[in-house]
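Mind looking over this structure? Questions follow.
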Amino acid sequence: MNNFKKQIIQGIPDALPNTQAYNNNINHAPKRKDILSEDEKKLALKNALRYFDAKHHAVLLPEFKSELETYGRIYMYRFRPDYEMYARPIDEYPGTSSQTKSVMHMIQNNLNPVVAQHPHELITYGGNGAAFQNWAQYLLVMKYLAEMTDEQTLIMYSGHPLGIFPSNKNAPRVVVTNGMMIPNYSKQDDWEKFNALGVTQYGQMTAGSYMYIGPQGIVHGTTITVLNAGRKIAKHNENLSGKLFLTSGLGGMSGAQPKAGNIAGCITVCAEVNLKAVNTRHSQGWVDEVISDLDELVTRVQKAKETKEIVSIAYHGNIVSVWEKFDTENIFVDLGSDQTSLHNPWAGGYYPVDISYEDANDMMVDQPELFKEKVQASLRRQAEAINKHTSKGTYFFDYGNAFLLEASRAGADIMADNGIDFKYASYVQDIMGPMCFDYGFGPFRWVCTSANPEDLATTDSIACEILEKMMKDSPKEIKQQMSDNIQWIKGAQENKLVVGSQARILYADAEGRIKIAQAFNNAIAEGKITAPIVLGRDHHDVSGTDSPYRETSNIYDGSQFTADMAIQNVIGDSFRGATWVSIHNGGGVGWGEVINGGFGMVLDGTKEAEQRLKAMLFWDVNNGIARRSWARNDEAIFAIKRAMEAEPNLTVTLPNMVNDKLLEKFFKA
Ligand SMILES: NC(=O)c1ccc[n+]([C@@H]2O[C@H](COP(=O)([O-])OP(=O)(O)OC[C@H]3O[C@@H](n4cnc5c(N)ncnc54)[C@H](O)[C@@H]3O)[C@@H](O)[C@H]2O)c1
């Protein structure tokens, strides 16, 4: 047995590994707020030491205490394994179950340093989106997965493996919950406190559910969004050529914006305060040029506009300065958005203007109240500058990062006249909701566990063939979606989108997802694909997420503040054949602001896999369409009626419409 397998099977080593030097060359999580009282610190240490034999406590105690005091969390750095962290070909994992080995493949991808945002702190993306809270949890989980059979289920409580319980072959192999709280304990500081205590974590969406596929996932969604935003502002059906898209963030997901801008064919300016993030995205080829001087930026953008050049530019600096500068210099912005991490505003998600990046990092720890004031003042300035641009005709949309929500909390001039809605729509209200989710189109994805690019190329051509066949009979309502995705999959290889595992994403509806999955399963059975495929999706989808300011922001019957859909979805997926399911509090817009869930499903070429994929994928999409249709969304009513025609066992309660004039008659003064 090779050393890697031995280390996996060993789990938490009996002899303490050597301590490791803090590597300053990689991107680390910001220091977290010192929020625990003396007694709570003792509790956090007792909690952390639960993973280790008492004989090690005297050594580990001062070390963990120092981590807690220095970083605000106990990551157990000493236990970070010394093998390379990446999604290995499935055969390289120890164990007997291809299902659990697939989960290991996905976990290692989430922690791969080329994929993960803060790999040593086990943060995959979004500043605080954790796969695990500490390295002991990782080691135990990998060991359990290697030992498990297909008649057991691993139970994950916010990164902590509670244990392996007996179940059966049709049950999920892993059930994950992340950040689930008693509702009254879901404020930002509750996350700080309970995460520091080591009893919960922020799983974001695909971080804590092992379904992250690097920036590709978001490139696709962002491309679709920018393309459709372009269609929205087009006066004569023209494309985005020569038009300017101004936004911010070059982090985990935001880093996809310049690449998406290039694919959509516009000029993109993306501001980013963190030089490491700028350099990462530039070196990966996700952004074409880097400029750190505002005057130079203005000249460069003017030139690109004149020549209608397709180019993406990273501005190393604060987004507020760009909005303000472009206003005074009269640079017309066609499309505007923001993708700073405002779901996490006080701990490094948003950097205030006029303070250096380094000073801001110190201030958020040493003077959290002052930092909060600076963030809020900066948000007010940013909103004011954006308002000036929109009065000149810019189309601004909230990009699901809680920008409008936090700006409104900061007292920015961002509310609509009715005092309830925001001045600007979110990208889901205007674009993704009515054009995609309500029809069942969402971010379906798959990963080839062979880690072989040739398998991925085979899946690409299978998926393309299926979509092209389906497109011939597609109703006019969904033809645009089908054609965008065919174009995407055709260009996918050329656009070199893979970072980490051999993964692909495209938007498909229930029918498309089922047909593609079925064809993959057949290809595995026939040996055309050499190893199992993991199916999954972003939680940011038709049915997976209840989030009133994002995924369900185009629900207008009042139910956008309920979370029945996401909970039902995960329960339903789990008994219809998912290999793993997860349900999270927080993700995207913030802790306490969203409930979201997802699944992973392993296709191994068997008949059982075929039954599972048909049953589960049908539910996984149509649950959300049914809910959206009950909320009276026309597009969803169309889609669910179509689904009922295709599936006689489906009966969905349809809404009756009330005549508004009749309603008003009874409310006349
Ligand atoms: N668009 C989508 O479809 C979508 C989907 C999911 C999530 N999101 C949301 O988008 C946000 C960004 O996600 P991410 O993974 O890229 O997070 P991230 O934390 O990795 O990146 C955000 C980046 O913004 C930079 N930044 C912060 N304040 C800045 C400022 N004032 N000026 C310039 N740069 C600044 C940070 O340095 C950081 O690199 C999150 O809130 C996320 O939830 C969007």
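The values are calculated or read from the model by the stated rules, or taken from the named source; none is laboratory data. What you are looking at is a predicted structure, and each value in this text was computed from that prediction instead of being measured. Glycine gets a Cβ as well: all are built from the backbone with ideal geometry, and neighbour counts include every protein chain shown. The protein model used for the area step is the full one, side chains on, heavy atoms only, and it has no ligands, DNA or RNA in it. Shrake-Rupley method; radii C 1.70, N 1.55, O 1.52, S 1.80 Å.
Which ³J(HN,Hα) values in Hz, rounded to whole numbers, follow from the phi angles of region 235-244 under the Karplus curve 6.51 cos²θ - 1.76 cosθ + 1.60, where θ = phi - 60° and Gly and Pro get x?
So the J values, rounded to whole Hz, are 8, 10, 6, 6, 8, 8, 4, x, 8, 9.
Here is a further query. Please work out whether region 430-489 counts as rounded, prolate or oblate from its C-alpha gyration tensor, where a ≥ b ≥ c are the square roots of the eigenvalues and a/c under 1.5 means rounded, while otherwise a/b larger than b/c means prolate and anything else oblate?
Details: a/c = 3.17, a/b = 1.70, b/c = 1.86.
Oblate.
Here is a follow-up. Treat the chain as a sphere of radius equal to its Kirkwood radius over Cα pairs and apply Stokes-Einstein at 4 °C in a medium of 1.567 mPa s; give the translational diffusion coefficient in µm²/s, rounded to a whole number.
Details: Rh = 25.4 Å.
Result for D is 51 µm²/s.
Along its three principal axes, how long is region 1-48 when you only count alpha carbons? Whole Å, largest extent first please.
Sorted from largest, the Cα extents of region 1-48 read 46, 30, 15 Å.
Right, here's the next one. Rounded, prolate or oblate: which fits region 250-328, taking a ≥ b ≥ c as square roots of the Cα gyration tensor eigenvalues, rounded meaning a/c under 1.5, else prolate when a/b beats b/c? All intermediate terms of the calculation are to be shown ahead of the outcome.
Values: a/c = 1.81, a/b = 1.14, b/c = 1.59.
Oblate is the answer for region 250-328, as a/c is 1.5 or above yet b/c matches or exceeds a/b.
Still on this model: Starting from the alpha-carbon convex hull of region 472-530, give the projected area averaged over all orientations, in nm².
On the way: hull surface 20.3 nm².
It is 5.1 nm².
Further, regarding this structure: Using a 1.4 Å probe on the protein heavy atoms, what percent of the accessible area of region 567-669 belongs to carbon and sulfur?
Details: 2760 of 5010 Å².
Carbon with sulfur: 55 percent of the solvent-accessible area.
When the Karplus curve 6.51 cos²θ - 1.76 cosθ + 1.60 is applied with θ = phi - 60°, which whole-Hz ³J(HN,Hα) does each residue of region 484-498 get, with x for Gly and Pro?
Ordered by residue, 3J(HN,Hα) equals 4, 6, 5, 4, 5, 5, 5, x, 4, 5, 5, 7, 6, 8, 6 Hz.
Give the average over all directions of the projected area of the C-alpha convex hull of region 411-462, one decimal, in nm². Show your work: numbers first, answer last.
Working: hull surface 27.3 nm².
The directionally averaged projection comes out at 6.8 nm².
Solvent-accessible area per residue for region 210-259 at a 1.4 Å probe radius, Å²?
On the way: 1300 Å² over 50 residues.
With all protein chains present, region 210-259 gives 26 Å² per residue.
For region 200-353, what is Rg from Cα atoms divided by 2.2 N^0.38 Å, rounded to two decimals? List each step's numbers first, then the result.
Values: Rg = 15.3 Å, N = 154, 2.2 N^0.38 = 14.9 Å.
My calculation over the Cα atoms of region 200-353 gives 1.03.
Accessible area per residue of region 541-609 at 1.4 Å probe, in Å²? Numbers along the way, then the final one.
On the way: 1870 Å² over 69 residues.
Here the per-residue accessible area is 27 Å².
Once you sort the root eigenvalues of the Cα gyration tensor of region 468-605 as a ≥ b ≥ c, which label holds: rounded (a/c under 1.5), prolate (a/b larger than b/c) or oblate (the other case)?
Working: a/c = 1.83, a/b = 1.42, b/c = 1.30.
Cα axes put region 468-605 in the prolate bin.
Can you give the Kirkwood hydrodynamic radius for region 135-276, in Å, rounded to one decimal and based on Cα pairs?
Values: mean 1/r = 0.0539 Å⁻¹.
Across region 135-276, the inverse of the average 1/r is 18.6 Å.
Using Stokes-Einstein with the Kirkwood hydrodynamic radius over Cα pairs, what translational diffusion coefficient do you get for region 19-125 at 10 °C and a viscosity of 1.306 mPa s, in µm²/s rounded to a whole number? Write out the running numbers ahead of the final one.
Values: Rh = 15.7 Å.
For these conditions, the coefficient is 101 µm²/s.
Here's something else I'd like to know. Give the peptides 529-538, 300-309, 552-561 in descending order of average Cβ contacts within 10 Å, highest first. Before the final figure, lay out each step's value.
Numbers: 529-538: 25.2, 300-309: 15.4, 552-561: 17.6.
The densest-packed peptide leads the list: 529-538, 552-561, 300-309.
For region 259-273, what does the Karplus curve 6.51 cos²θ - 1.76 cosθ + 1.60, with θ = phi - 60°, yield as ³J(HN,Hα) per residue in whole Hz, taken in order and with x for Gly and Pro?
Computed from phi, the couplings for region 259-273 are 5, 4, x, 5, 5, 6, x, 10, 9, 10, 10, 10, 8, 8, 7 Hz.
Would you tally the net charge around F667, using a Cβ to Cβ cut-off of less than 15 Å, leaving F667 out, and scoring K and R as +1, D and E as -1? It would help to have the intermediate numbers written out before the result.
Working: positive: K661, K665, K668; negative: D660, E664.
With Lys, Arg at +1 and Asp, Glu at -1, the neighbours total +1.
Tell me the carbon and sulfur percent of the accessible area for region 4-127, rounded to whole percent, probe radius 1.4 Å.
Values: 2700 of 5510 Å².
In region 4-127, the share of accessible area belonging to carbon and sulfur is 49 percent.
Within the set of other residues whose C-beta is less than 14 Å from the C-beta of R445, count the net charge using Lys and Arg as +1 and Asp and Glu as -1.
Once all neighbours under 14 Å are counted, the net charge is -1.
Could I ask something else about it? Out of the total accessible area of region 357-456 (probe 1.4 Å, heavy atoms of protein only), what percent is carbon and sulfur?
Working: 1700 of 3800 Å².
The computed percentage sits at 45.
Across region 609-659, how large is the tail of the calculated P(r) beyond 17 Å, expressed as a percent of all Cα pairs? All intermediate terms of the calculation are to be shown ahead of the outcome.
Values: 446 of 1275 pairs.
Value for region 609-659 (Cα pairs over 17 Å): 35 percent.
How large is log10 of I(q)/I(0) for region 200-242 at q = 0.14, 0.19, 0.20, 0.35 Å⁻¹ when the intensity is taken from the Debye formula with one equal scatterer per alpha-carbon?
Taken in order of the listed q values, log10 I(q)/I(0) reads -0.50, -0.66, -0.69, -1.11.
What is the Cα radius of gyration of region 202-275 over 2.2 N^0.38 Å, N being its residue count? List each step's numbers first, then the result.
Numbers: Rg = 13.8 Å, N = 74, 2.2 N^0.38 = 11.3 Å.
Working it through for region 202-275, the quotient is 1.22.
Can you list, bin by bin at 5 Å, the percent of alpha carbon pairs in region 497-554, starting at 0?
Pair shares across the bins are 4, 15, 19, 20, 19, 12, 6, 4, 2, 0.
While we're looking at this one, here's another question. From Cα coordinates alone, what are the radius of gyration and Dmax values for region 302-378 in angstrom?
Computed over the Cα atoms of region 302-378, radius of gyration and Dmax are 15.2, 48 Å.
I want the local charge near R537. Using Cβ-Cβ distances under 10 Å, sum +1 for each Lys or Arg and -1 for each Asp or Glu among the other residues. Kindly include the intermediate steps, with their values, before the conclusion.
Values: positive: R445, R513; negative: D538, D541, D620.
Net charge in that neighbourhood comes out at -1.
Next question. Quick check for you: with a 1.4 Å probe and neighbouring chains kept, what is the accessible area per residue of region 340-460, in Å²? Walk me through the numbers on the way to the answer.
Details: 4320 Å² over 121 residues.
Result: 36 Å² per residue.
Kirkwood Rh, Cα Rg: Rg to Rh for region 556-600? It would help to have the intermediate numbers written out before the result.
On the way: Rg = 11.5 Å, Rh = 11.2 Å.
Here Rg/Rh amounts to 1.02.
Now for a separate question. For G72, enumerate residues with amide H under 5 Å from its amide H, sequence gap 5+ or separate chain, H modeled in the peptide plane.
R32
Would you compute, for the Cα atoms of region 362-481, the largest minus smallest coordinate along each principal axis and list the three values in descending order, in whole Å?
55, 39, 24
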